[in-house]
Amino acid sequence: MPPYKPSFSMKTTGSPNSRVEVYTQERMVNWIGPLQLLRTGFRVAVATTLGAFVDQREVQASLRPASENQPIKVEGNADGEVWVDYLADTGDGWDSTYSMALCVSHTVQLQDQDLTLPRGHILLLGGDQVYPTPAQCGYRTRFLDPFRAASPAPVPACPPRSAEDPIPVTDPRLMLATPGNHDWYDGLRAFTQLFCNKKPIGDWETRQRTSYYVVQLPGGWWIWGLDLQLESAIDQPQRDYFEQQKRLLQSGDRVVVVTPEPSWLDEAASLERGQQSTFPSIETQTPRFRSLRDIEELLGAYLAVVLTGDLHHYARYAPSDNSGAPHRITCGGGGAFLHGTHQLPDTLTSIKVGGIEQNYALKGVYPEKEASERLRDRAWRLPTRNFAFCTMLAMFYMLFGWIVQSASLVSHPVRDGRSLMERMSELEFGWGNLIEVCHQQAWAMANSPASVIIALVIVAAGGAFTSADVMRGKWLAFFAGSAHGLLHLCLAVGMLWLMARINIHYLGWDVFDLLQAALFGLESLLLGGFLGGLLFGVWMVMANKWFGLHAEAVMSSQRIPDHKCFLRMRFTSEDLTIYPLKLGRVCRRWSLAPAIQHITQKQRSWRIRATAGTIGPRFVPATGQPSPIESLQLIEPAIAILRSSSSNTENPLPKGRCDTSL
């Protein structure tokens, strides 16, 4: 990997007290684009394979002894408070990522609640800081550019001697990052270089030494950040590190754990499968939950809350009994595409940690399940939202039709010496001719091994796509997906029939005419792209609605930038108050801030100049666009958690706060 290069130049041009900065406003990742599917699949396979042999965490532990990886101490304000923001799954498209970067960079005024929430002293990044992978300057354009533009470092009056010299920042804020699976796709090299070398990011400072960390707050509060790698396993040096840190906890202290994924959902599903089986599995603990369970058992009553991302929505599970179990909050709305909430279980039962059974109830979600279903149902609009993917489908239709038609030129008695399209052109549309069309198609494919192979690939691809993210009943999902592939084959045959009727019967063109061949290709692309995309979108909606399939693809294919969320938390010596905040719609058009000078713009990259004394964001919402900061609202009333773990009584709370004490 090449060394990291900053996205702004510290060289001065024109005026000695100005700085030239470059920002790239990336589009959201097209997850089902053909090239993206190939690139991501290859990198995931390589990272998963090599990650089992080369663990960057063990390298970090060997290079940085535990004595150098001490808890990061953070002082409170004059009132003894510490404000902490939690943001996860960011680093995707500019509009959504920059909108959220603005939100965590500023004080939030909630007019309807009469609440003022100061900017956090700490920004916790909960995983997946870049999409799709860290390769090809992913961190720079998708993470660094939006966050530096939202809260840039000051422009010094006198230029530094080199770009590597740190810029003094008054009252710097702390940024800490937990790696997610997308951060791991290069073996954690870019993540380590960015977050573990004390390099500033805008006006944030980074102080963690490894991919896992411990933060000591005043008032008996601690934050533990875990790194569970691609295989969700905790390495021995990290385990030893947290066992050592546990000895620092005093009576009455509480710990907030930050973990990369909500593995308790997999654990609950695994337990449910075990309970429904005639012969339950001896081991119902899934590997994805095992490492988190070990940390929770290590902490015991010290544990107050578990925060995670990975799923791009908000969901809070609160203990439904007096077991003293921690709240489990998923808040992955930092900028990536939206995940649905409509398939989240309303309860989680029989999760065992330290021999104690934990039961949970879903107390808050965003977006609401009904709204999530409505958003899911829009996936049928795929032809209007994903041109590249629909073009890929059209190419398959055209290739299949081309090969079958070419194979049919071999003389055969069943067609009286005519090609497949010539024979189809004579058959009027109707159910009565459907059997004959299938008969002609079968004879043509019998003389074309290539068409049989393509047909099998289409059917198998449908099965593999459907069963890829299924935990239970993979074979059933594969067969259902294969039926989806068969539908595409039927559509390809129907299109061939339609084109034969139009080109040969109605237009009267010869099958070997170049104009007919050109029209055949154009029709395949237009009809195949639209009808194939429509079929694919409708299938995803129906399969998810009826069978719960395609939970990921039905949302990622839409690339919904809206419905973002993050947590703003206040720590005091008495309690922790969590304010879950939502942004219903992100800004989609931006203008340069008034004090910023525009130099050049090439495609989506901006080259600008900021002068000494210029503060604030580099881009502001264009006229008529919503302000992300002013549009924030509470998802649910704030959650208060007492530092005393022995109290289980309801606590009278001020306006805007609710719910629970642990």
From Gln229, Gln244, residue being in the same structural domain as Ala101 (by TED's automatic domain parsing), polar (S, T, N, Q) and out of contact with any Gly (no Cβ under 9 Å at 6 or more places or on another chain): Gln244
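With respect to Leu102, is the statement that it is farther than 17 Å from Arg618 by Cβ and among the aliphatic types (A, V, I, L, M) true? Full working, then the answer.
Numbers: farther than 17 Å from Arg618 by Cβ: no; among the aliphatic types (A, V, I, L, M): yes.
No; evaluated as a whole, the condition is false for this residue.
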Filter result (assigned to a strand (DSSP E or B), of a type in the set (A, V, I, L, M, F, W, C) and more than 28 Å from the chain's Cα centre (by Cα)) within segment 593-614: Ile599, Ile608, Ala610
Given (1) surrounded by 15 or more Cβ atoms within 10 Å (Cβ to Cβ); (2) modelled with pLDDT of 90 or more; (3) not small (Gly, Ala, Ser), number of the condition Leu456 does not satisfy: (1)
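Please find, among Ala325, Ala388, the residue that is surrounded by fewer than 16 Cβ atoms within 10 Å (Cβ to Cβ) and among the aliphatic types (A, V, I, L, M).
Working: Ala325 fails: surrounded by fewer than 16 Cβ atoms within 10 Å (Cβ to Cβ).
The conditions single out Ala388.
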Filtered residues of segment 97-152 (kept if in a strand (DSSP E or B) and hydrophobic (A, V, I, L, M, F, W, C)): Val108, Leu110, Leu115, Leu117, Ile122, Leu123, Leu124, Leu125
Count - residues of segment 79-114 that are over 26 Å from Ser573 (Cβ atoms), more than 16 Å from the chain's Cα centre (by Cα) and either modelled with pLDDT under 90 or among the aromatic types (Phe, Trp, Tyr) (or both): 2
The lone exception for Gly533 - which of (1) surrounded by fewer than 17 Cβ atoms within 10 Å (Cβ to Cβ); (2) in the same structural domain as Arg418 (by TED's automatic domain parsing) it fails: (1)
Residue under evaluation Val257, criteria (1) among the aliphatic types (A, V, I, L, M); (2) assigned to a loop (DSSP other than H, G, I, E, B); (3) modelled with pLDDT of 85 or more, criterion not met: (2)
Test: residue in segment 539-550 that is hydrophobic (A, V, I, L, M, F, W, C) and without any contact (Cβ under 8 Å) to a residue 24 or more places away in the chain: yes
Ile615 being of a type in the set (Val, Ile, Thr), modelled with pLDDT of 75 or more, touching an Asp or Glu at 6+ places or on another chain (Cβ under 8 Å) and not assigned by TED's automatic domain parsing to the domain that holds Glu368: no
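Just to be sure, is Ala553 over 30 Å from Lys369 (Cα atoms), crowded, with 20+ Cβ neighbours inside 10 Å and in contact with a helix residue (DSSP H, G or I) (Cβ under 9 Å, 6 or more places away or on another chain)?
Values: over 30 Å from Lys369 (Cα atoms): no; crowded, with 20+ Cβ neighbours inside 10 Å: yes; in contact with a helix residue (DSSP H, G or I) (Cβ under 9 Å, 6 or more places away or on another chain): yes.
In short, no.
The values are calculated or read from the model by the stated rules, or taken from the named source; none is laboratory data. Keep in mind it's a predicted model, so treat the numbers as computed, not measured. When we count neighbours, we look across all protein chains shown, and the Cβ atoms used for this are built from the backbone with ideal geometry, even at glycine.
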